[in-house]
Amino acid sequence: MYGLLDNLTPELGFEIDLPFEIFATSFNLPEPAADEEEEEISAEGLAALLYTKEAECPVCRAKFNNTLVRESKLRLSHMDELRPVYRGFEPLCYGITMCTTCGYAAFKDRFDVISDRQRETLLQHLRINYANFMPASYPMELDEKMGIERFKYALLTAYIKKVSLGEKAMLLTKTAWLYKAMGDEVNTSLFSKYANDVWTQAYQSERFPIFGLSEATVHFLLARFAFDLGDHGTSLRFLSQIIVDQNLSTRMRDMARDLKEQINQTRTE
Ligand SMILES: [Zn+2]
């Protein structure tokens, strides 16, 4: 199942301004701490959360079963800034719809949004590169590793499909979040860096809302990434724009204040 995108090279003709290595299978997982008990969901609980629905691929027209999440049944544990953390379950694993016949993948609500021209380009690339791009088959229940692989397929097809910068940035962000959920700090940092690059480009060239996100949300993301990259000045600049804006929700402004506090602590250490 893993490693299907490991052999992508520029010679295959993909126009992607990201290093090809990021598509390869890569995990740097910590040893689980002895006293750490992860909240597991029961088999019945999982069965109640998931259901399958037949879908048709808008690129190759193959039919397949897509696993979906009953979002109303999710139990929120807490918010990790903008990322919701649920009890015993990671819905991000199911964030991507993927055709296992041709390898086309996208956010589930963007899967069917495709022009004739995008379809033609995708067909051409996926056919030519089929040997290097053999799609996987997946079980109904997806784990984080599978979820990440599907995000990488979606990222690749996003570049072939030439979607907006905002959509690419969101794919990179959610891949970083999934790595974070697994405790993989190396890949969280790597994907956060690329997410930051693409959000910065989107911020300079696209109009709000960018891929559904408000200006304040994008400011917060850019502040968080800048902080993670050690650029405290940029981070504080974005945060102060949030903190002074009385029209924003208390939650958003508190989140910005908390991050500002973290930065100030780091500076005085
Ligand atoms: Zn297909």
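Can you give me the number of residues within region 119-129 that are within 16 Å of Glu56 (Cβ to Cβ) and either modelled with pLDDT of 95 or more or among the β-branched types (Val, Ile, Thr) (or both)?
1
Within region 197-220, work out how many residues are buried (at least 20 other Cβ atoms within 10 Å of the Cβ) and among the hydroxyl-bearing types (Ser, Thr, Tyr).
0
Given the residues Tyr104, Tyr153, Tyr138, Tyr94, which is the only one that is within 27 Å of Gln204 (Cα to Cα) and among the hydroxyl-bearing types (Ser, Thr, Tyr)?
On the way: Tyr104 fails: within 27 Å of Gln204 (Cα to Cα); Tyr138 fails: within 27 Å of Gln204 (Cα to Cα); Tyr94 fails: within 27 Å of Gln204 (Cα to Cα).
Answer to the selection: Tyr153.
Condition check ((1) part of a loop (DSSP other than H, G, I, E, B); (2) under 22 Å from the mean Cα position of the chain (by Cα); (3) within 16 Å of the ligand (Cβ to nearest atom); (4) modelled with pLDDT of 95 or more) across all residues:
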{"site": "Glu40", "(1), (2), (3), (4)": "yes, no, no, no"}
{"site": "Ala48", "(1), (2), (3), (4)": "no, no, no, no"}
{"site": "Glu54", "(1), (2), (3), (4)": "no, no, yes, yes"}
{"site": "Arg61", "(1), (2), (3), (4)": "yes, no, yes, no"}
{"site": "Leu92", "(1), (2), (3), (4)": "no, yes, no, yes"}
{"site": "Thr97", "(1), (2), (3), (4)": "no, yes, yes, yes"}
{"site": "Cys102", "(1), (2), (3), (4)": "yes, yes, yes, no"}
{"site": "Ala106", "(1), (2), (3), (4)": "no, yes, yes, yes"}
{"site": "Val113", "(1), (2), (3), (4)": "yes, yes, yes, yes"}
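Let's see how each residue does on (1) in contact (Cβ under 8 Å) with a residue 40 or more places away in the chain; (2) in contact with a strand residue (DSSP E or B) (Cβ under 9 Å, 6 or more places away or on another chain); (3) under 29 Å from Lys145 (Cβ atoms); (4) surrounded by fewer than 20 Cβ atoms within 10 Å (Cβ to Cβ):
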{"residue": "Leu172", "(1), (2), (3), (4)": "no, no, yes, no"}
{"residue": "Asp184", "(1), (2), (3), (4)": "yes, no, yes, no"}
{"residue": "Ala195", "(1), (2), (3), (4)": "no, no, yes, no"}
{"residue": "Ser240", "(1), (2), (3), (4)": "no, no, no, yes"}
{"residue": "Gln246", "(1), (2), (3), (4)": "no, no, no, yes"}
{"residue": "Arg253", "(1), (2), (3), (4)": "no, no, no, yes"}
{"residue": "Arg257", "(1), (2), (3), (4)": "no, no, no, yes"}
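Return a yes/no flag: does region 68-88 have any residue that is assigned to a loop (DSSP other than H, G, I, E, B) and within 16 Å of the ligand (Cβ to nearest atom).
Start the filter on region 68-88 by keeping residues that are assigned to a loop (DSSP other than H, G, I, E, B), which leaves 70, 74-75, 81-82, 87-88.
This time we only want the ones that are within 16 Å of the ligand (Cβ to nearest atom), so: none.
No, that holds for no residue.
Looking for something buried (at least 22 other Cβ atoms within 10 Å of the Cβ) and either of a type outside the set (Phe, Trp, Tyr) or at pLDDT below 95 (or both) - is there at least one such residue anywhere in region 260-268? Give the derivation first.
Filtering region 260-268 down to residues buried (at least 22 other Cβ atoms within 10 Å of the Cβ) leaves none.
Within region 260-268, not a single residue is buried (at least 22 other Cβ atoms within 10 Å of the Cβ) and either of a type outside the set (Phe, Trp, Tyr) or at pLDDT below 95 (or both).
In region 184-269, which helices (runs of 4 or more DSSP H) lie fully inside it and hold 3 or more residues that are under 14 Å from Leu82 (Cα atoms)? Explain how you work it out, then say what you get.
Values: elements: 185-205, 215-228, 232-243, 250-268.
Counting at least 3 such residues, we get 215-228, 250-268.
The values are calculated or read from the model by the stated rules, or taken from the named source; none is laboratory data. Keep in mind it's a predicted model, so treat the numbers as computed, not measured. Reconstructed Cβ throughout: ideal geometry from the backbone, glycine too, with neighbour counts over all protein chains shown.
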